[in-house]
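The numbers here are math on the coordinates, done by the rules we state, and not lab data. Since the model is a prediction, treat every value here as computed from it, not as a measurement. Cβ coordinates were reconstructed from backbone atoms using ideal geometry, including for glycine residues, and neighbour counts include every protein chain displayed.
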Amino acid sequence: MALVTQLAFAQRMIRVPGDTPSIQGGIDAAEDGDTVLVEAGVYSERIDFHGKKITVRGSSAVDVILDGGANGPVVTFASGEGRSSVLANLTIQNGRAFDRGTVAAINGSAGGIYIFQASPSLKDLIVQKNLQCGLGVFSGAPRVEGSLIQGNNAPFEFACMIVSAETSPGRGESQGGGGIFLYNKSPDGLYAEIVGNRIEGNSSFLRAGGIFAISAGNLLIANNVVANNQSGDTGAGIMTTDATTPEITQNLVFGNSTDQTVNFGSPLAPGIDIREAFGSSSSIIAENTIYQNKAISQPVFEVRYGSQLYVGFSDAPVIVSNNVFSGSDIYPPIACVPGIKSNELVRARFDHNDVFNPSNPSVAYTSACGSQPGLDGNISSDPQFLSTLPIDQNAFQLAQDSPAVDSGNNAQVYATSDLLGNPRVQDATGLGHAQVDMGAYERAGVVGSIPPQPPPASGPDFTIVADPASLSLQRWHHAEVQIVASATVGTPGNIVLSCANLPSDASCTFRTTSISLGSGATAKTSFSLDTSTLLLFANEKQKPTSGIWFCLLAGGPILWCIRRRIVKIRSLRLVAAYHFVAATLFMLTGLTGCSGKYPDATPVGTYRFQLVATDASLGITRRADITLLVVP
């Protein structure tokens, strides 16, 4: 009987305003397991869960309004709350974060919902019109689901900001996140989940008008619409940085913009900005539709960086798969920038993406990304959306004849349904097996298994291996790399060899540029990897004056001997000797720098490039990754 009484008490309903006039009064009266049900009305108050495992639910998100009166965060979770602390079905508005530098803001602050070392559940909310970020998370990991986060503003003086302990305010600051701001991992081991929300029309003076994550560890961003957010610098839609490992899957990201005139910054990456990802875990960007994000003003730099996706300064793998990207200007929709901690070239792996730039169809990626179209299922074609009007129920869905339909990689499927809830994966083009579409929407067809199995091999196939797969090489030197090709199915045709994504001034010289394989056979060849162009008088740099002295030492005695006639030979032999000496000096000046020049060489650093083997008759390309460490 006592247990029944306790359970009944632990699951009671407290009604506001029926049982208590305020929401905070209901929270104070509640025990773990209780529900505080809030009826329609405007409640001018600020609330704090105080660590209780309770549910605070409104009768209607539109009709139940919690107004903070611009006097601090509207809702606070700062007492170790977990997923059992639930806030649902209310409007949170008119909050204002505590001023930077005050005691109240020592652990960060936020305008709408403030979370510190807590991981609550936030469901079906409207978070709007808050001054500073709508949702500010500091060392926490909430699950934010089914909510509308709109019209929140993070101006400079109130923006969500963390000041580095090593620097003074104004330097080392991480500022931004008009809609959602996350900083640091949660001590409870959970990771933040942002799922099935609409994040629209938020703004930030500096970075990331939509979602901004710093040092947040693992982070799930899935099935959201992130649209029409604005920032003054970069990552207007989504930005993650500094040891954040995001899984960004099946989102629609469109119409976000950066505007240099806001803060005189540089308008980089108005769509998605992924940078400074460190560690061994892979960041995932998969099954998204990313469309017409744009920089409003001209950039400070000469080249505008990745209007739809920017991957930079990351030393951990970034997998970009099954996405549709559509550009907004003449510059490449996708940009890559080398890592900064280990001097990696680019750790992004592009797999089955459609990257299309309607303003400049020949430009899809910056050069650092490598030439991706035609490799690993990547294409650059008009995705043929049914509509691009957001009010249209068919917006951003693929037409039947879209090249992105049934063209994705089944090994990179992260959801059993698409952004509209339609089943993934389907066969929409009569392939005879289910094949995932690129982008956030799946074209209707015959539903297949999840995850689908690839069709059985119906023709010849082969593998390619490079040995060594990792090597260290000095500048201006070369090394031999062995190639082993093996027929795994049937008899492949003529296999053409090449290198892709080589670092600057490096080259591959193949012993044979093609090989043939019999059924079950293995063939071996090799190529020479050079870290210098070794071109005579072409694109050369000035060599230090030591090269001039070498020329004098090498050529001076010969010329002196000839002039003094110390060596007496017949005329014919003299002419032949003269031409031999002249040719030798010419080679020395070209290759050693006696001319005052020297050939370009690959800069010191660590690079990743690919050995590419293509059987054009079968339409099969196989690649082997090679890591190159260039040392002085």
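Highest average first, the peptides 14-24, 178-188, 463-473 ordered by how many other beta carbon atoms sit within 10 Å of their residues are 178-188, 14-24, 463-473. Here's how it looks for V447: its modeled amide H is under 5 Å from those of D427, which are all 5 or more places away or on a different chain. For D188 and T627, the difference between the fully extended length at 0.36 nm per residue and the C-alpha to C-alpha distance is 154.3 nm.
The slack between D401 and T509, meaning 0.36 nm per residue of separation minus the straight C-alpha distance, is 34.7 nm. Among the listed pairs K53/K123; K123/K185; K123/K294, a Cα-Cα separation exceeding 26 Å is found for K123/K294.
Taking amide H atoms as placed 1.01 Å from N in the peptide plane, the amide H of S84 has no partner under 5 Å among residues 5 or more positions away or on other chains. Straightening the chain between L420 and A523 buys 32.2 nm, computed as 0.36 nm per residue apart minus the Cα-Cα spacing.
Amide hydrogen proximity for D48: with H placed 1.01 Å from N in the peptide plane, the residues at 5 or more positions away or on another chain lying under 5 Å are T76.
Computed from the C-beta positions of E45 and V195, the FRET efficiency with R₀ = 35 Å rounds to 0.75. Here the Karplus curve 6.51 cos²θ - 1.76 cosθ + 1.60, taken at θ = phi - 60°, turns the phi angles of region 181-190 into couplings of 10, 10, 9, 6, 6, 7, x, 8, x, 6 Hz, with x standing for Gly and Pro. Working note: Karplus 6.51/-1.76/1.60 with θ = phi - 60° gives region 72-84 the couplings x, x, 6, 10, 10, 10, 9, 10, x, 4, x, 5, 7 Hz, where Gly and Pro are set to x. In terms of packing, defined here as the mean over residues of other Cβ atoms within 10 angstrom, the peptides 231-242, 600-611 line up highest first as 231-242, 600-611. The order of the peptides 85-94, 207-216 by mean Cβ neighbours within 10 Å, most packed first, is 207-216, 85-94. Does a label point 7 Å from the Cα of S362, set along Cα-to-beta-carbon, have any residues of region 308-335 with amide nitrogen under 15 Å, and which are they? Inside the label zone: 330-332.
The V496 and S79 beta-carbon pair, evaluated with R₀ = 60 Å, returns a calculated FRET efficiency of approximately 0.40.
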